[in-house]
1. Give me the net charge of Asp93's neighbourhood, meaning all other residues with Cβ under 15 Å from the Cβ of Asp93; Lys, Arg count +1, Asp, Glu -1.
2. For Arg150 and Met266, what does the FRET efficiency come to when R0 = 30 Å and r is the distance between their Cβ atoms, rounded to the nearest 0.05?
3. Would you pull out the residues with amide H under 5 Å of Val221's amide H, same chain only if 5 or more places away, H placed 1.01 Å from N?
4. Charges at C-beta only: +1 for Lys and Arg, -1 for Asp and Glu. How large is the resulting dipole of the stretch 166-330 about its Cα centre, in Debye rounded to 20?
5. How much length is gained if the chain between Glu66 and Arg123 is pulled fully straight, taking 0.36 nm per residue apart and subtracting their Cα-Cα distance, in nm to one decimal?
6. Taking a 31 Å limit on the Cα-Cα distance, which of the listed pairs Lys257/Lys304; Lys154/Lys304; Lys130/Lys268; Lys304/Lys332; Lys97/Lys130 fall beyond it?
7. Once the piece of chain linking Phe207 and Gln315 is laid out straight, how much longer is it, given 0.36 nm per residue of separation minus the C-alpha distance between them?
8. Within the set of other residues whose C-beta is less than 11 Å from the C-beta of Glu82, count the net charge using Lys and Arg as +1 and Asp and Glu as -1.
Amino acid sequence: MHKDIIEELKRRVDEQCKALNSLASSLEGGDRLGELMKRVEKPCEALSSLAGVEVLGGGFALSWPETRQMFLQYLEFKRYEERNAKTLLGYLDRHVKECLRTPMDVMRIFSPLTAGQRHHLNRAMRAWFKCLEINNPDPQFRGFLDGLRRAIPKDEVGIDIRVPEEPQIVSDSRRLESDPLKYRAAYNLLLDSGLRLVEAVRLLNDFPKTEQLGEFHRCPVGFFRGTKQAYYCYITEHTYRLINRLNGKVSEGSIEKWFGRRGYTMPKYLRKFANDTMTSDRLNIPESVADFIQGRVPKSIGAKHYMQLKRKADQFYPRYAEYITELRRKAKLLRS
């Protein structure tokens, strides 16, 4: 078995040597020869391509520790959000201790995990396999990875239909008044805009110049995430003043931890509340406009349609701004 591996390596090294000899014969001058020497000094491609992917009797074995650096470079190249990248690396570090040789090895890893742990490891392992597939497009190796992918359990099907009620938002707003400014600013920005937490944090840490339109403000976001983009952030005057007083940086983790420990409505539910309220019979904001306000618009949107949505968002947002202002009056944050 090991003899076969050595023979395969020898064959690949011989191919590399022939290619280098051919290149050397075509080079003239010191500069080009120096470039050749640099190439020779680099790790052999034939060896590096097999690092962490051991060939065993016609099969394969994946070693996470030996391919971790390659995966880290993949995450950087694909421009994963720092927090997301750390989560992927953390789950693979904790749970993939042994080489993966068969689909049963994958099943054993997932078997003792909770639904939440399965959800995160599912995404981490699929991203790792995609990285390996890109770096080794051999059809047999791809077939091996496909077999491992099929062993990854699917997420438990379920739709989170819980939407916070108005009294909860009023209670949160009242209790937040005694909290540090950065958490008050974050909560109110999320409530006003309906944006995702990652987008809200980016704005709080580098707040752009806004345009005041009556009783509310609109500022550019231009934040791409996957196939969607948040073009603008809409906020009330109350939230604008909070953000202008803010000093220092905030992070997603600190906000989630603070909200969770104090029983506040979590960011993803503030987003649900904003969408449900905007599209309710009470405010009757068109769903496409609510999606534009909350950053659910495809990046491929045409210029004409984009301008139409922007005009409608400017037209309809005052309905939501007025509603949020009324909630703050109920919380005794504003005078009637």
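1. +3
2. 0.35
3. Excluding prolines and chain starts, which carry no amide H, the hits are Tyr232, Cys233.
4. Result for the stretch 166-330 is approximately 380 debye, rounded to the nearest 20.
5. Taking 0.36 nm per residue and subtracting the Cα distance, the gain is 18.6 nm.
6. Checking Cα-Cα distances, Lys257/Lys304; Lys154/Lys304; Lys304/Lys332 exceed 31 Å.
7. Computed gain between Phe207 and Gln315 is 36.5 nm.
8. 0
Read the figures in this text as sums done on the coordinates, not as results from a lab. The model shown is predicted, which means the values in this text are computed figures rather than measured ones. Ideal geometry is used to build each Cβ from the backbone, glycine not excepted, and the neighbour counts take in all protein chains shown.
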